[in-house]
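Quick notes on the structure that follows.
Every number here is computed from the coordinates shown, using simple stated rules; none is lab data. This structure is a prediction, so every number in the text was calculated from the model and none was measured. Positions of Cβ are generated from backbone atoms using ideal geometry, with glycine treated the same way; all protein chains shown enter the neighbour counts.
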Amino acid sequence: MFKTKIAHMLDNGDKLELEAFVEATSHDDAFAQAKDRLKSVVAELAGVADIEIDKSKVELGAHKHH
């Protein structure tokens, strides 16, 4: 079992992250599975009218890192 954390950086500086637990045979396999899962999640979320948020963090005065 691997715990993976991957992120896709958007052109505007925003970041889309996914933390996933995958059964894999190697680091490369775990990374590939996490990447596929991120694509699947984004596609699934694109089809729903309202996204359910289970965890959030909102900070005032934050600065964007490029």
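Under a 5 Å amide H cut-off, with hydrogens placed 1.01 Å from N, A24 pairs with F2 among residues at least 5 apart or on other chains. Over the chain, calculate the relative contact order: mean separation of alpha carbon pairs under 8 Å at least 6 apart, over the residue count, as a percent. Rounded, it is 27 percent for the chain.
What you get for the chain, charging only the Cβ of Lys and Arg (+1) and of Asp and Glu (-1), is a dipole of about 220 debye around the Cα centre.
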